[in-house]
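The values are calculated or read from the model by the stated rules, or taken from the named source; none is laboratory data. Everything numeric in this text was worked out from a predicted model, so none of it was measured. We place every Cβ from the backbone using ideal geometry, glycine too, and count neighbours over all the protein chains shown. Please note that ligands, DNA and RNA were not included when accessible areas were found on the heavy atoms of the full protein model with its side chains. Shrake-Rupley method; radii C 1.70, N 1.55, O 1.52, S 1.80 Å.
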Amino acid sequence: MSASRVITWDVSASRGVETAWVELGGGVMRARGRAVGTVPEPYWVSYELETTEGFVTRRLSVRVETAAQERVLDLRHDGHGTWTGNGEPLPCVDGALDCDLGLCPLTNTMPVLRHGLHRAPGEREFLMAWVSVPELAVRPSLQTYTHLGPGRVRYASGDFRSDLEIDAEGYVVEYPSLATRLTVR
């Protein structure tokens, strides 16, 4: 890994905050993060994310605590398009390359970097293994990322659209209606 970053976002969608410790290099990302939110209920999330070469998700391990319960998800991708959640097959997301942890701006990084969409023209549609927070339910999500100019990428899924500001390294700076970066070091 060549570049390490600690990034903190104000996550307006959850009325919370997230910090991620990220290592990026050689087409691979490793990260661990923690978030606290108050919407839809107070919760605490911790996660670890690993990708293979080309920023393809290998594993996302998530733990959520709420007042009522604790949930754990071990989401794994075999590198050939097959996914499991806590060891059980998840055929609904087979073929996806990426996970998308709900309310987490870090997971927008993988498809953007893989295709250089923060730097060069293009539009790509992705099937994502979307993980809801705080429930940790895994669902398929079709998402489109479109280059709008240097550092500008439009994210679209269903009727939702948001024009993201992305830094030169591929990390979200501003995700209107979701999160705003507070710090990076």
Count of segment 9-18 residues which are in a strand (DSSP E or B) and not charged (D, E, K, R): 4
- line: When every residue in segment 29-40 that is open to solvent by 30 Å² or more (accessible area, probe 1.4 Å) and either at pLDDT 95 or above or within 13 Å of the chain's Cα centre (by Cα) (or both) is compared, the one nearest to Gly79 (Cα to Cα) is Arg30
message: Please pick out the residue among Thr57, Thr66 that is within 14 Å of the chain's Cα centre (by Cα), in contact (Cβ under 8 Å) with a residue 60 or more places away in the chain and open to solvent by less than 70 Å² (accessible area, probe 1.4 Å).
response: Thr57
task: Run down Trp21, Trp44 and say which single residue is surrounded by 15 or more Cβ atoms within 10 Å (Cβ to Cβ), among the aromatic types (Phe, Trp, Tyr) and in a strand (DSSP E or B).
output: Trp44
message: Can you tell me which condition Thr51 does not meet? The list is (1) within 15 Å of Gly102 (Cα to Cα); (2) among the hydroxyl-bearing types (Ser, Thr, Tyr); (3) touching a residue at least 40 places away in the same chain (Cβ under 8 Å), and all the others hold.
response: (1)
query: Which residues, counting only those in segment 153-172, are closer than 21 Å to Val22 by Cβ, of a type in the set (A, V, I, L, M, F, W, C) and open to solvent by less than 30 Å² (accessible area, probe 1.4 Å)?
result: Val153, Leu164, Ile166, Val172
- prompt: Here are Gly116, Gly79: which of them is loosely packed, with under 15 Cβ neighbours inside 10 Å and either more than 25 Å from Thr19 (Cα to Cα) or of a type in the set (Phe, Trp, Tyr) (or both)?
  reply: Gly79
